[in-house]
Amino acid sequence: MTELSVIVPVFNEAESIVPLYTEIEKYCPKNFELIWVDDGSTDTTFTQVQLIANSDNRVKCVSLSRNFGHQNALRAGLNYATGKNIITMDGDLQHPPSLIPLLLDNLSNGYDIVLAQRKKTVAISPLKRFFSASFYKFINLISDVPIEENVSDFRGFNRKVLNAIKEFEERDLFLRGLFSWVGFKKIIVQFEAPSRKFGKSKYSYIQMFRLALKGTTSFSFKPLRISILIGSIVSLFAFSFAVYALFSHFNGKTVTGWTSIIIAVMLFGGIQLLAIGLLGEYIAGMFTEVKKRPIFLIKEKINIHNDQ
């Protein structure tokens, strides 16, 4: 068995491939494998990986037929990991390979999962920092499963945890939540994320919102329960207002006007649309699971045997 599997999903990261490979090789034990997952890149990412793989058979690649998203690409890499220990990291050099020995040390000391937590990110915009902090606060407020703040997909774990994760058959993946849900003995190590050297981030604010929504609806029914609570409170208020309106009408104290009507219509309409939207998210998730479509399709493999 390979001592270590390093899984790196990439999407249009051609400039980062060689520098990242050099850094990973420097900090990994000799008996390791590096599994790149090309998530439908449209640049020369796959070509760069192929050139390295031709001279180093420890380098493997799974090329997907199109862009299936970061979480699905990561799951594809997990399917082909043969290592005793596994490390997942991003391909933009903001997850420093120099942290690999520390992750392995903690795994050898009895921990099943080692989470790498960003204590600082160099050159990140205040707006993105705000949204990132809001993401974790929101999801931990709503979700039944606590998600560690500033812990992305840079982590190390052993074979036992990998086998547990592979038992899940969910299509709408939120791996951060799954790694929290499975339990096991875990520890957090901190690191300072350097600024991105090449290209630009593939995670837009809309994608961050979608990820937060996916994490919330995947691990909690609280949004539905909160909407029921809000609906109950508003209904009670509406009933009380109706009693007051009837009382005022029979006492001749009603005043014609539209302000209160408009406010009431907007308030009730907004709450109803919010509740319907939340319900729609859960139904959409169920629809995705019921269809049982594959979460990724493989176009090509490099240095991976057919039986893997």
(request) Name the residue, out of Asn85, Asn54, Asn72, that is touching a residue at least 12 places away in the same chain (Cβ under 8 Å), assigned to a helix (DSSP H, G or I) and not hydrophobic (A, V, I, L, M, F, W, C). (result) Asn72
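Quick one: would you say Val10 is without any contact (Cβ under 8 Å) to a residue 60 or more places away in the chain and in contact with a Gly (Cβ under 6 Å, 6 or more places away or on another chain)? Can you show your working first?
Values: without any contact (Cβ under 8 Å) to a residue 60 or more places away in the chain: no; in contact with a Gly (Cβ under 6 Å, 6 or more places away or on another chain): yes.
No: the conditions fail for Val10.
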(message) Of everything in segment 170-214, what is among the aromatic types (Phe, Trp, Tyr), open to solvent by less than 70 Å² (accessible area, probe 1.4 Å) and modelled with pLDDT of 75 or more? Give them in sequence order.
(response) Phe174, Phe179, Phe191
(request) Residue by residue through segment 48-107, note down the ones that are open to solvent by less than 40 Å² (accessible area, probe 1.4 Å) and among the basic types (Lys, Arg). (result) Lys60, Arg75
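The values are calculated or read from the model by the stated rules, or taken from the named source; none is laboratory data. Just so it is clear, the model here is predicted, and its values are computed rather than measured. Glycine also receives a Cβ, built like all others from the backbone with ideal geometry; neighbour counts cover every protein chain displayed. All accessible areas refer to the heavy atoms of the entire protein, side chains included, with ligands and DNA or RNA removed. Shrake-Rupley method; radii C 1.70, N 1.55, O 1.52, S 1.80 Å.
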